[in-house]
Every structure is written in C-alpha cells, then in structure tokens.
1. Would you point out the residue of the stretch A:160-190, among those that are free of Cβ contacts under 8 Å to residues at least 60 places away in the same chain, hydrophobic (A, V, I, L, M, F, W, C) and within 11 Å of chain B (Cβ to nearest Cβ), that is surrounded by the most Cβ atoms within 10 Å (Cβ to Cβ)?
2. Mind checking which residues of the stretch A:86-137 are free of Cβ contacts under 8 Å to residues at least 60 places away in the same chain, more than 17 Å from the chain's Cα centre (by Cα) and closer than 16 Å to A:LEU47 by Cβ?
3. All but one of (1) at pLDDT below 95; (2) within 30 Å of A:ASN57 (Cβ to Cβ) hold for A:PHE258, so report the exception by its number.
4. Is there a residue being within 10 Å of chain A (Cβ to nearest Cβ), closer than 30 Å to A:ASP165 by Cα and at pLDDT 60 or above anywhere in the stretch B:2-14?
5. Can we say A:ASN142 is polar (S, T, N, Q) and under 22 Å from A:TYR231 (Cβ atoms)?
6. With respect to A:VAL48, determine if the residue is closer than 24 Å to A:SER235 by Cα and part of a loop (DSSP other than H, G, I, E, B).
7. Could you say whether any residue in the stretch A:138-157 is more than 10 Å from chain B (Cβ to nearest Cβ), of a type in the set (D, E, K, R) and either surrounded by fewer than 23 Cβ atoms within 10 Å (Cβ to Cβ) or in contact (Cβ under 8 Å) with a residue 12 or more places away in the chain (or both)?
8. Which one of these does A:VAL117 not meet: (1) crowded, with 22+ Cβ neighbours inside 10 Å; (2) closer than 26 Å to A:LEU205 by Cα?
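The values are calculated or read from the model by the stated rules, or taken from the named source; none is laboratory data. In this text the structure is predicted, and so the values were computed from the model without any measurement. We place every Cβ from the backbone using ideal geometry, glycine too, and count neighbours over all the protein chains shown.
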Amino acid sequence: MNTRRDNAGKKDLGEVIVITSGKGGVGKTTTTASLGAALALRGQRVLVVDADIGLRNLDMMLGLENRIVFNVVDVAKKICKPAQAIIKSKKSNNLYLLPASQTDDKDVVDEAEIRYVLEQFRREFHYVLVDSPAGIEQGFRNACAGAESAIVVTTPEVSAIRDADRVVGLLSSKGIEAKLIINRIDFEMVRRGDMLSVRDVQDILGIEIIGVVERDDQIISAANCGEPVVYNQKSKAGQAFTRIAARVCGEQIPVPSFDTGSLWSRIGRKLGVNA
Amino acid sequence: MFNALKKKLFGESNESKETAKSRLHFVLVQDRTGLTNEEMAGFREEMVKVIEKYFVIDKEGFDIKYHRLADTTTLLINSPVIVRRSTSGSSSKGARVTETEAENETDNETAAVASNV
C-alpha cells in the first residue's frame, strides 16, 4: 500500500532539499524550521535534518532541545535505529526533527554516511530538509550529499550575495539546482534606494527566486519560544514561508516584489493593503 | 515627472544600492571567472582591440558580464557600436574612419552624427 504520496504524479521517494547560504547568520536554520512547519501544515510529512554538527540549533527553533536522545551521527554510525533518533514536533504530527550531535566534530561523518542516513528516511517522508552549516567546507559538502535540489538563503547585502553566488556555483558543479530565498528585505529601504531590490538580486545572481521574506520582529519572538513563525499567520514572515511552502509543492504563486515602488502601491502599503 | 514628485514627497535619497550593485558586479566577475585583477584588465583591453578592428565603439559603455543561467554560463560582452568600419574600402575610406574615431574620442555626439553622413 502506498499512501505516502497524496499528490499524484510525484515519485515515491521523498525529495531531499538542502538549505544553505555560504555566509552564516542569514537565516538558514529559521528557514529550515519555518519551511518544514509550513509544509507540514499543508499535510506533507516532513523531516528536518540538522547537519550543523557541533553547533546544533534547529532543535531550539522547534522547541525540542530537551527531547533529544540520539542524533544524526548515531544514525550514521549505526549506534541506534533510524526511527529512534527522530523527534516528533509538539505542534504537528507531520513534522519530525533529526538533530545534530553537539559534541562531535564536523568531519566525524562523511558524505557517504550522510547519504546513507537520508536513504533511511526518504520512504517515510515527502520532504527531507537538510539545514547546512555555514561555509563551503566538509560540513557543507555533507549537507549537500544526497540532496536533489537546494534552497539558497541570502539577505540583500553585498557579503551575503557574494557568498550566495559562490555557493550557487558549487551546487551547480554538483548538478544540484538552486533556488533563492531573499530574507530580511525591508521594502521601505528598497524604496529609498538603500537596499538592493528583489529584481537587483535576481539580476545579479541569475537564479530563480522561490521566496521573499520581509524583515519581521516576529521571527525573534518565535525563536524565543521555539515555535516556527508560520503558526502566527499575522506575521508577514509567517505568511511568506507559507507561500514558499506552496511554491515548493508546485503551486504557481507570484513572488511579491514591490520593486516598482509606484505611488499607488506605496499608498496601499501605508493603508495596510498588501498587493 | 512622477519620480520627481515622489522625491519631493518622500525625500531625497543617495541610492547606496547603486554602489552595492557596481561593487558586486565587479567582485562577482572575479569570483566567477577566477581571473585576477590584472588578467581581467588585460582580457578587457584585448577584447576592445579586437572589436575595434571592425567597429568604432563607445569604450565608456564597454562592459563584460559573466552571466550564469540554470545550466550554462555565458560571457556577455556589451559594446555599444558607433559605426561599422569599412572592411573592403580603399585606403582613403580607412582614413575617414580614423577621423571619425578621433572625433569620437572628443565628442560622442559629433561622432554619431558623422557616422550618419
């Protein structure tokens, strides 16, 4: 019996997507947690994997830090059974976490071992999201092992974009297609000409944009409480991740840009009307 | 006009994003090609020379982009052409083109008009 795919036409194994960025601190872990939760809200079975060995954080984002028994290294080294290491989210029956080890070093596992770990779970889940560590070294290579596609997270800042470009090049040399999330954009600054617009970033990097997330204080409060921001649908970032989840599932939803900055769209925004 | 009105209404800006764009443009060409500063300058100089063999161009507008699409990487060379050099012409014709080029260096508009003649 094959009930694990609710959307017909898709293949039997879950899709492995690596979430990466090159530069640290642009929102990879927040993106992984939020997108995972948003996909789960759509009824997809999702496993989020923390591949940042030695610096685990995804457990904090999901409020699961005190439930960890085994981790990704234990599965890789066959110290435990795969099913023993994953932890169900408090908020959703569809969302699971495979935590990183906090004590090991990044190169304690290799790419083949990570591929083995992901294979253990692909049949059980529609989506496996792998949260990559910052950088382009072994940790990054491990996170990419077994990934079919990638989501590159950047902010509209020069250093983040430069690093994103480097990562897109590396992914492309591995045959992994990358799509872009522009995180923490401030449309007011874009209008003033003090921040690169969605269009600017797209022109520079030349890859498809799968989502744009506005700078939003709710992200910090959500992280404080260990609850992904998508559970707060008043939050603009929450709405953005919900739309990104829909796009990941193949829905055609245009990416908002507000780039034209026309007088009317500006007045609209001031009045709280979202185009 | 509308933009001017907007500026009046919402204040002037210094558009720091334009600086960001040109800095990124510069650094990404280096990152993507793996060429050093000097190599890039040399490549640019030689490209200009080659194109100038056949066209009179606006060197100011000459621009090299290393553009990456989903599965291919393209070198985009943008070179505004002012006039096509006559290839089969006599030596006197060649001299005229040189004249045009000389004018071009001092005054772009004059050169453009001259090319129409």
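1. Step by step, filter the stretch A:160-190, then rank; the result is A:ILE161.
2. Listed by number, the residues that qualify are A:ILE86, A:ILE87, A:LYS88, A:LYS90, A:SER92, A:ASN93, A:ARG115, A:TYR116, A:GLU119, A:GLN120.
3. Here A:PHE258 clears every test but (2).
4. Yes.
5. Details: polar (S, T, N, Q): yes; under 22 Å from A:TYR231 (Cβ atoms): no.
So A:ASN142 does not fit the description; no.
6. no
7. yes
8. A:VAL117 satisfies every listed condition except (2).
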